[in-house]
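Q: My structure is below; once you've seen it, I'll send some questions.
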Amino acid sequence: MEYLKDKEEINDTKKILFTGLDTAGKSSIILALKREFSKIAIINPTKGAQRRIFEFLGLNISEWDLGGQSLYRISYLKNPDKYFDNTEVAIYIIDIQNQGRAQESISYLKDVLKEFKALKIDPPVHIFFHKFDPALNVKARNKMKDYISDIKSQLKEELSYDKLYYHKTSIYNIASLIEAISKILIGLFPRSQLLKDTIEEFARKLNCEGLLIVDRNTFIIGSFFKNSKIKTLMVNSIPYFMTLSDILLDSKIVEINEEDQILVEKVNEHIIFRRLLMRESSPQYYLLLLKKGQYFYKEGDFEALINLISNIIYE
């Protein structure tokens, strides 16, 4: 992820809280979203609260990663004004492969919600059932699903909190993280429905099978898919196109400008990946498009889309 500098000088932010027990995978999620997979194996426990700020659709997002070790959790609960106040969205991570700590995790979640109530805030709380890894065999996955169902039932019975949302995630299924975090972030953008409608209308106009637009951090700002199979293909593919684009830029062997694109052609279909430069000083966005038939577009089509999205975000 790309973070903004001089965070002390940025006051108008939307606070997102990452919390849960130690070793639940909070920091690994952040590294996976940054596509820094090599660092995950050597990651150290987060010490205290780590704060970083990044931009999403013109909003400054303040990401608070709270270390989950017991001594830190005690400190957070003793100083709720410092750590929990002004939270716009909370993401609570539960390690579903460490079932021995399930009740400890639920207990801490209750403590966090209690502090929200005392602070007179009620942010949406997104619970990530994390480490739901693709490599799990069918029997193990079914057991995990039953375990998740049991936790949901317990939370429904023991908590009176209306804004609980659930996601199954894994760093080995990067699409699960991209979709979950993107959904959370787009909910903070006041003109999200207009943006969604504009992108869908553009996709239908070009008769696309699928269209995906992401920001520099690979968070989805809008999409259109004709079916779930195409959605899975494109959401799983976008990180690889982003990495390829980074490699080409860093190599300096190939000169790339904003009009350049990567074109993948197969029999009777093609995929386009290209940068969308909204404004000279704005962050970059990226488009991934899947269409059947021969490759044919007017450059004006993309320019019109860029102008529409730019007006929605920045006007």
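Just so it is clear, none of the values below were taken in a lab; they were calculated from the coordinates. Computed from a predicted model, the values in this text were never measured in an experiment. Cβ coordinates were reconstructed from backbone atoms using ideal geometry, including for glycine residues, and neighbour counts include every protein chain displayed.
Q: Quick one: in the stretch 262-311, what % of C-alpha pairs are over 15 Å apart? Walk me through the numbers on the way to the answer.
A: Details: 617 of 1225 pairs.
Tail of P(r) above 15 Å: 50 percent of Cα pairs.
Q: Could I ask something else about it? Sort out for me the Cα centre separation of the stretch 140-192 from the stretch 298-315, rounded to whole Å.
A: Their Cα centres are 33 Å away from one another.
Q: Tell me what the chain gives for mean residue ellipticity at 222 nm when only DSSP H runs of n ≥ 4 count, each as -39,500 (n - 2.57), the sum divided by the residue total, rounded to 500 deg cm²/dmol. List each step's numbers first, then the result.
A: Values: 9 runs with 126 residues, N = 315.
Theoretical 222 nm ellipticity from helices: -13000 deg cm²/dmol.
Q: Now for a separate question. When N counts the residues of the stretch 88-194, how does its alpha-carbon radius of gyration compare numerically with 2.2 N^0.38 Å, as a ratio? Before the final figure, lay out each step's value.
A: Values: Rg = 14.8 Å, N = 107, 2.2 N^0.38 = 13.0 Å.
Here the answer is 1.14, to two decimals.
Q: Relative contact order for the stretch 7-186: what percent, with Cα pairs under 8 Å and sequence separation of 6 or more?
A: Values: 263 pairs, mean separation 43.3, N = 180.
For the stretch 7-186, the relative contact order is 24 percent.
Q: Further question on the same structure: Could you give the Stokes-Einstein D for the stretch 166-205 in µm² per second, using the C-alpha Kirkwood radius, 37 °C, 0.692 mPa s?
A: 283 µm²/s
Q: Next question. With a Förster radius of 41 Å, plug the Cβ-Cβ distance of S281 and D111 into 1/(1 + (r/R0)^6) and report the FRET value to the nearest 0.05. Walk me through the intermediate numbers first.
A: Details: r = 43 Å, r/R0 = 1.05.
With a Förster radius of 41 Å, E is 0.45.
Q: What lysines could a cross-link reach from K110, if we take a straight Cα to Cα line under 21 Å and drop same-chain neighbours fewer than 8 places away?
A: Hits, sequence-local ones excluded: K15, K26, K78, K82, K120, K152, K156, K163, K168.
Q: Counting DSSP beta bridges in the chain, what percent are antiparallel, to the nearest 5?
A: Numbers: 35 of 59 bridges.
Of those bridges, close to 60 percent are antiparallel.
Q: Let me ask something else. Taking just the C-alpha trace of the chain, give me its Rg and Dmax in Å.
A: Looking at the chain, its Cα Rg and Dmax stand at 20.7, 63 Å.
Q: Oh, and also: Using only the Cα atoms of the stretch 192-314, each taken as one equal point scatterer with no solvent, compute I(q) by the Debye sum, divide by I(0), and report log10 of the ratio at q = 0.12 Å⁻¹.
A: Results for the stretch 192-314 at q = 0.12 Å⁻¹ read -0.42.
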